[in-house]
1. Return the sequence-ordered ³J(HN,Hα) values of the range 61-78 in whole Hz as given by the Karplus equation 6.51 cos²θ - 1.76 cosθ + 1.60 applied to θ = phi - 60°, using x for Gly and Pro.
2. Please compare each pair in 6/78; 30/79; 5/60; 33/59; 29/59; 6/37 to a cut-off of 20 Å on the Cα-Cα distance and tell me which ones are over it.
3. If R0 is 25 Å, what FRET efficiency do you get for residue 6 and residue 50 from their C-beta distance, rounded to 0.05?
4. On alpha-carbon atoms, Rg over Rh for the chain using Kirkwood Rh?
5. When the Cα centres of the range 1-17 and the range 60-96 are compared, how far apart do they sit, in Å?
6. For an R0 of 35 angstrom, estimate the FRET efficiency from the Cβ-Cβ distance between residue 32 and residue 62 and round to the nearest 0.05.
7. Once both axes come from the Cα atoms, what is the angle between helix 11-20 and the longest principal axis of the chain, in degrees from 0 to 90, rounded to 10?
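Computed from the coordinates by the stated procedures, all read-outs in this text should not be read as laboratory data. Predicted, not measured: the structure shown is a model, and the values here were computed from it. Positions of Cβ are backbone-derived with ideal geometry, glycine not excepted, and every protein chain shown enters the neighbour counts.
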Amino acid sequence: MSVIKKPIITEKMTDQAEVFNRFAFVVDKKANKIEIKKAVMEMYDVEVESVRTMICIGKKRVRGTKSGMITGRTSTYKKAIVTLSEGESIDFYSNI
């Protein structure tokens, strides 16, 4: 089971990384804070101070087509915000 699915790279999270040393990840829905902490520490070789998690509910989407209105939902996912210890950092762009 892969705990961390992908990092969340947005303007808000980039600002949080610079100011508060926080990074966000999309994680497995069944993963708990301890598993997330261990996975981040192993994957990025950093010291994790705290982990906060939240369930992001999928939004309803409607689009109009020739044949009529199509309704659907985006998928629900779990987000983890990880605060790193002082002096630690994660560089997502190093592999590009």
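1. For the range 61-78, the Karplus-derived couplings read 10, 10, 9, x, 10, 4, 8, x, 7, 10, 10, x, 9, 7, 6, 7, 9, 10 Hz, x marking Gly and Pro.
2. 5/60; 33/59
3. Values: r = 21 Å, r/R0 = 0.83.
Working from the Cβ atoms, E equals 0.75.
4. Details: Rg = 16.4 Å, Rh = 14.9 Å.
Rg/Rh: 1.10.
5. Computed from Cα coordinates, the inter-centre distance equals 9 Å.
6. 0.50
7. Between the helix axis and the principal axis of the chain, the angle is about 20 degrees.
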